[in-house]
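The values are calculated or read from the model by the stated rules, or taken from the named source; none is laboratory data. Computed from a prediction, not measured in an experiment: that's the story for all the values here. A quick note on method: Cβ atoms are made from the backbone with ideal geometry, for glycine too, and the neighbour counts reach across all protein chains shown. Only protein heavy atoms, including side chains, enter the accessible area calculation; ligands, DNA and RNA are left aside. Shrake-Rupley method; radii C 1.70, N 1.55, O 1.52, S 1.80 Å.
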Amino acid sequence: MRKSHAAPEPRTITPEKPHPQASFSEKYGIANVEEQHRQRCAVTFRPRPPSAIILTHGHFDHVGTVLELAKMWDVPVYAHPDEHPYLDGTASYPPPDPWVGGGLMALLSPLFPCGPIDLDTRLRPLPKGASVPGMPGWQWLHTPGHAPGHISLWREADRALIAGDAFITTGQESAYEVAVQQLEMHGPPRYFTPDWEAAEGSVRELAALKPELVISGHGGAAAGAGMRQGLDRLAERFDQFAVPAGSKYVRKPATVRNGRAYQMPHRTG
(Lines give C-alpha, C1' and ligand atoms only; values in the text may rest on other atoms or scores of the structure.)
Protein backbone atom coordinates (compact mmCIF):
# COMPACT_ATOMS: atom_id res chain seq x y z
CA MET A 1 0.00 0.00 0.00
CA ARG A 2 1.36 3.44 -0.83
CA LYS A 3 0.31 6.97 -0.17
CA SER A 4 -0.96 9.01 -3.06
CA HIS A 5 0.76 12.26 -3.98
CA ALA A 6 -2.17 13.57 -5.97
CA ALA A 7 -5.78 14.09 -4.94
CA PRO A 8 -8.94 15.28 -6.65
CA GLU A 9 -9.50 19.03 -6.51
CA PRO A 10 -13.27 19.62 -6.72
CA ARG A 11 -14.50 23.11 -6.05
CA THR A 12 -16.42 21.93 -3.05
CA ILE A 13 -15.36 21.10 0.47
CA THR A 14 -16.13 18.44 3.05
CA PRO A 15 -15.17 20.05 6.40
CA GLU A 16 -13.52 17.66 8.84
CA LYS A 17 -12.95 19.68 12.05
CA PRO A 18 -14.92 19.80 15.31
CA HIS A 19 -17.82 22.22 15.54
CA PRO A 20 -17.79 24.79 18.37
CA GLN A 21 -18.17 23.02 21.72
CA ALA A 22 -16.58 25.30 24.30
CA SER A 23 -16.11 22.87 27.17
CA PHE A 24 -14.89 20.06 24.92
CA SER A 25 -12.53 22.37 23.02
CA GLU A 26 -11.10 23.94 26.17
CA LYS A 27 -10.65 20.57 27.86
CA TYR A 28 -8.69 19.11 24.95
CA GLY A 29 -6.79 22.20 23.83
CA ILE A 30 -8.50 22.73 20.47
CA ALA A 31 -10.31 25.99 21.20
CA ASN A 32 -8.70 27.70 18.20
CA VAL A 33 -9.02 24.87 15.68
CA GLU A 34 -12.16 26.33 14.11
CA GLU A 35 -10.44 29.63 13.35
CA GLN A 36 -7.41 27.76 11.98
CA HIS A 37 -9.70 25.77 9.72
CA ARG A 38 -11.46 28.89 8.44
CA GLN A 39 -8.11 30.51 7.65
CA ARG A 40 -6.86 27.41 5.85
CA CYS A 41 -10.03 27.19 3.77
CA ALA A 42 -9.83 30.88 2.89
CA VAL A 43 -6.33 30.34 1.50
CA THR A 44 -7.17 27.06 -0.26
CA PHE A 45 -10.16 28.49 -2.10
CA ARG A 46 -8.68 31.88 -3.00
CA PRO A 47 -9.60 33.71 -5.17
CA ARG A 48 -12.71 31.68 -6.14
CA PRO A 49 -14.76 30.13 -3.33
CA PRO A 50 -16.45 26.75 -3.77
CA SER A 51 -19.99 26.60 -5.12
CA ALA A 52 -21.24 24.19 -2.44
CA ILE A 53 -20.29 22.22 0.63
CA ILE A 54 -20.86 18.45 0.54
CA LEU A 55 -21.15 16.53 3.82
CA THR A 56 -20.44 12.80 3.97
CA HIS A 57 -22.29 12.79 7.32
CA GLY A 58 -22.95 15.01 10.31
CA HIS A 59 -20.68 13.76 13.12
CA PHE A 60 -19.00 16.54 15.08
CA ASP A 61 -15.59 15.91 13.53
CA HIS A 62 -17.01 16.29 10.01
CA VAL A 63 -19.34 19.27 10.31
CA GLY A 64 -16.67 21.45 11.89
CA THR A 65 -16.98 25.06 10.80
CA VAL A 66 -19.52 24.21 8.12
CA LEU A 67 -22.07 26.87 9.06
CA GLU A 68 -19.42 29.61 9.31
CA LEU A 69 -17.93 28.59 5.96
CA ALA A 70 -21.35 28.42 4.30
CA LYS A 71 -22.10 31.94 5.48
CA MET A 72 -18.65 33.25 4.51
CA TRP A 73 -18.94 31.83 0.99
CA ASP A 74 -22.73 32.22 0.73
CA VAL A 75 -23.18 28.63 -0.48
CA PRO A 76 -25.60 25.77 0.27
CA VAL A 77 -24.70 22.63 2.23
CA TYR A 78 -25.76 19.29 0.75
CA ALA A 79 -26.34 16.07 2.68
CA HIS A 80 -28.35 12.88 2.34
CA PRO A 81 -31.95 13.32 3.59
CA ASP A 82 -31.44 10.62 6.25
CA GLU A 83 -28.76 12.83 7.76
CA HIS A 84 -30.88 15.98 7.86
CA PRO A 85 -32.29 15.50 11.40
CA TYR A 86 -28.73 15.84 12.74
CA LEU A 87 -28.18 18.98 10.68
CA ASP A 88 -31.43 20.88 11.23
CA GLY A 89 -31.49 20.70 15.03
CA THR A 90 -34.09 17.94 15.19
CA ALA A 91 -32.18 14.92 16.52
CA SER A 92 -28.96 13.73 18.12
CA TYR A 93 -26.95 10.70 17.15
CA PRO A 94 -27.17 7.53 19.25
CA PRO A 95 -24.65 7.71 22.11
CA PRO A 96 -21.18 6.33 21.41
CA ASP A 97 -20.09 2.95 22.72
CA PRO A 98 -16.83 3.29 24.70
CA TRP A 99 -16.49 -0.48 25.23
CA VAL A 100 -15.64 -1.43 21.65
CA GLY A 101 -11.94 -1.76 22.47
CA GLY A 102 -8.97 -0.43 20.57
CA GLY A 103 -7.67 2.29 22.84
CA LEU A 104 -8.07 5.65 24.53
CA MET A 105 -10.13 7.37 21.84
CA ALA A 106 -12.87 4.80 22.27
CA LEU A 107 -12.84 5.21 26.05
CA LEU A 108 -13.08 8.99 25.68
CA SER A 109 -15.95 8.81 23.19
CA PRO A 110 -18.72 9.58 25.73
CA LEU A 111 -17.19 13.07 25.92
CA PHE A 112 -17.59 13.64 22.17
CA PRO A 113 -20.57 15.75 21.04
CA CYS A 114 -23.57 13.84 19.68
CA GLY A 115 -26.00 16.72 19.49
CA PRO A 116 -27.29 18.29 16.29
CA ILE A 117 -26.29 21.48 14.61
CA ASP A 118 -28.77 23.69 12.75
CA LEU A 119 -27.78 24.70 9.23
CA ASP A 120 -31.17 26.37 8.78
CA THR A 121 -31.82 27.50 5.21
CA ARG A 122 -28.34 26.49 4.03
CA LEU A 123 -29.21 22.80 4.22
CA ARG A 124 -30.19 21.06 0.97
CA PRO A 125 -30.89 17.42 0.06
CA LEU A 126 -28.52 15.78 -2.38
CA PRO A 127 -30.10 15.65 -5.83
CA LYS A 128 -31.74 12.48 -7.03
CA GLY A 129 -29.79 10.63 -9.67
CA ALA A 130 -26.50 10.70 -7.70
CA SER A 131 -24.98 13.84 -9.27
CA VAL A 132 -22.92 16.00 -6.91
CA PRO A 133 -23.47 19.78 -7.01
CA GLY A 134 -20.32 21.62 -8.02
CA MET A 135 -18.42 18.40 -8.79
CA PRO A 136 -18.84 17.41 -12.46
CA GLY A 137 -17.97 13.77 -13.07
CA TRP A 138 -18.59 12.73 -9.48
CA GLN A 139 -21.52 10.78 -8.07
CA TRP A 140 -22.68 10.22 -4.51
CA LEU A 141 -23.27 6.74 -3.11
CA HIS A 142 -25.42 6.04 -0.07
CA THR A 143 -23.10 4.12 2.28
CA PRO A 144 -24.97 3.83 5.61
CA GLY A 145 -23.84 2.07 8.76
CA HIS A 146 -21.54 4.59 10.40
CA ALA A 147 -24.46 7.02 10.08
CA PRO A 148 -27.87 6.49 8.47
CA GLY A 149 -27.32 9.16 5.83
CA HIS A 150 -23.61 8.57 5.27
CA ILE A 151 -22.44 9.00 1.68
CA SER A 152 -19.24 8.41 -0.26
CA LEU A 153 -18.18 10.17 -3.45
CA TRP A 154 -17.01 8.34 -6.59
CA ARG A 155 -15.40 9.52 -9.82
CA GLU A 156 -15.41 6.84 -12.48
CA ALA A 157 -13.00 8.63 -14.83
CA ASP A 158 -9.98 8.00 -12.64
CA ARG A 159 -11.60 5.62 -10.13
CA ALA A 160 -11.16 8.05 -7.24
CA LEU A 161 -13.16 7.44 -4.06
CA ILE A 162 -13.83 9.79 -1.14
CA ALA A 163 -14.99 7.21 1.38
CA GLY A 164 -15.86 9.47 4.29
CA ASP A 165 -15.94 7.18 7.33
CA ALA A 166 -17.45 4.15 5.55
CA PHE A 167 -13.95 2.78 5.99
CA ILE A 168 -10.83 4.57 7.18
CA THR A 169 -7.08 4.21 6.78
CA THR A 170 -5.98 4.42 10.41
CA GLY A 171 -7.03 2.91 13.73
CA GLN A 172 -9.24 5.70 15.03
CA GLU A 173 -9.89 4.00 18.40
CA SER A 174 -6.23 4.31 19.44
CA ALA A 175 -4.72 7.66 20.41
CA TYR A 176 -1.31 6.33 19.33
CA GLU A 177 -2.52 5.33 15.86
CA VAL A 178 -4.34 8.63 15.47
CA ALA A 179 -1.06 10.39 16.30
CA VAL A 180 1.26 8.40 14.03
CA GLN A 181 -1.27 7.91 11.19
CA GLN A 182 0.08 4.54 10.10
CA LEU A 183 -1.60 3.66 6.82
CA GLU A 184 -3.80 0.54 7.12
CA MET A 185 -7.36 -0.42 6.31
CA HIS A 186 -10.00 -0.31 9.04
CA GLY A 187 -13.76 -0.35 9.20
CA PRO A 188 -15.60 2.78 10.35
CA PRO A 189 -14.75 4.21 13.79
CA ARG A 190 -16.17 1.58 16.13
CA TYR A 191 -17.37 3.80 18.95
CA PHE A 192 -19.62 5.85 16.63
CA THR A 193 -21.05 3.11 14.37
CA PRO A 194 -24.59 2.06 15.34
CA ASP A 195 -25.46 -0.30 12.45
CA TRP A 196 -22.79 -2.89 11.66
CA GLU A 197 -24.83 -4.87 9.15
CA ALA A 198 -25.29 -1.78 6.99
CA ALA A 199 -21.65 -0.82 7.50
CA GLU A 200 -20.52 -4.18 6.13
CA GLY A 201 -22.75 -3.81 3.08
CA SER A 202 -21.30 -0.36 2.40
CA VAL A 203 -17.70 -1.56 2.58
CA ARG A 204 -18.50 -4.43 0.21
CA GLU A 205 -20.12 -2.01 -2.23
CA LEU A 206 -17.11 0.32 -2.19
CA ALA A 207 -14.59 -2.50 -2.51
CA ALA A 208 -16.47 -3.79 -5.57
CA LEU A 209 -15.74 -0.49 -7.33
CA LYS A 210 -12.01 -1.37 -7.42
CA PRO A 211 -10.85 2.20 -6.76
CA GLU A 212 -7.40 3.43 -7.75
CA LEU A 213 -7.32 6.14 -5.09
CA VAL A 214 -9.14 6.33 -1.75
CA ILE A 215 -9.42 9.28 0.61
CA SER A 216 -11.05 8.62 3.96
CA GLY A 217 -12.20 10.82 6.81
CA HIS A 218 -9.42 9.54 9.07
CA GLY A 219 -5.93 8.58 7.93
CA GLY A 220 -4.00 9.35 4.78
CA ALA A 221 -4.90 8.84 1.15
CA ALA A 222 -3.99 5.47 -0.34
CA ALA A 223 -3.61 4.15 -3.87
CA GLY A 224 -2.61 1.18 -5.94
CA ALA A 225 -2.69 -2.60 -5.72
CA GLY A 226 -1.78 -2.77 -2.04
CA MET A 227 -4.66 -0.50 -1.14
CA ARG A 228 -7.11 -2.58 -3.16
CA GLN A 229 -5.83 -5.79 -1.59
CA GLY A 230 -6.36 -4.33 1.89
CA LEU A 231 -9.82 -3.08 1.02
CA ASP A 232 -10.83 -6.44 -0.49
CA ARG A 233 -9.59 -8.23 2.62
CA LEU A 234 -11.56 -5.86 4.85
CA ALA A 235 -14.72 -6.47 2.82
CA GLU A 236 -14.28 -10.24 2.78
CA ARG A 237 -13.49 -10.56 6.50
CA PHE A 238 -15.40 -7.58 7.86
CA ASP A 239 -16.74 -9.46 10.89
CA GLN A 240 -13.21 -10.39 11.94
CA PHE A 241 -11.40 -7.13 11.21
CA ALA A 242 -14.00 -4.45 11.86
CA VAL A 243 -16.92 -5.52 14.04
CA PRO A 244 -16.33 -5.22 17.81
CA ALA A 245 -17.66 -8.37 19.44
CA GLY A 246 -18.81 -6.61 22.60
CA SER A 247 -20.52 -3.63 21.02
CA LYS A 248 -24.03 -2.89 22.19
CA TYR A 249 -24.87 -1.94 18.62
CA VAL A 250 -23.93 -5.40 17.37
CA ARG A 251 -26.56 -6.81 19.72
CA LYS A 252 -29.10 -4.04 19.19
CA PRO A 253 -28.40 -1.71 16.26
CA ALA A 254 -29.77 1.80 16.07
CA THR A 255 -31.39 2.28 12.66
CA VAL A 256 -33.95 4.53 11.00
CA ARG A 257 -36.23 1.52 10.59
CA ASN A 258 -36.29 0.55 14.27
CA GLY A 259 -36.59 4.17 15.41
CA ARG A 260 -33.35 4.28 17.42
CA ALA A 261 -31.20 6.27 14.96
CA TYR A 262 -32.66 9.64 15.94
CA GLN A 263 -32.37 10.58 19.61
CA MET A 264 -34.04 13.47 21.38
CA PRO A 265 -31.55 16.35 21.58
CA HIS A 266 -30.35 17.24 25.06
CA ARG A 267 -31.54 20.72 25.94
CA THR A 268 -29.73 22.97 28.39
CA GLY A 269 -30.73 26.23 29.98
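Per-structure values
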item	result
Between region 103-165 and region 50-80, the alpha-carbon center distance in angstrom	10
Using a Förster distance of 30 Å, the FRET efficiency for residue 90-residue 130 (Cβ separation, nearest 0.05)	0.75
For residue 206, solvent-accessible area (1.4 Å; no DNA, RNA or ligand), Å²	0
Accessible surface of region 61-139, 1.4 Å probe, proportion on carbon and sulfur as whole %	58
Simple spin-label estimate for residue 257 and residue 236 in nanometres, 7 Å along Cα-Cβ	2.8
Förster radius 22 Å - calculated FRET efficiency between residue 245 and residue 209 (Cβ-Cβ, nearest 0.05)	0.15
Spin-label model distance (nm) - residue 99 vs residue 35, 7 Å beyond Cα toward Cβ	4.2
Ordering of 242-248, 150-156, 89-95 by burial proxy (mean other Cβ atoms within 10 Å per residue, highest first)	150-156, 89-95, 242-248
For region 189-269: rounded, prolate or oblate by the Cα gyration tensor [a/c cutoff 1.5]	prolate
Residue-span extension gain [residue 158 to residue 44] - 0.36 nm each, minus C-alpha spacing	38.8 nm
Amide H contacts under 5 Å for residue 119, placed H, 5+ residues apart	88, 89
Nearest-0.05 FRET efficiency for residue 121 and residue 225, computed from C-beta distance (R0 41 Å)	0.35
Protection proxy ranking of 55-63, 196-204 - average other beta-carbon atoms within 10 Å, highest first	55-63, 196-204
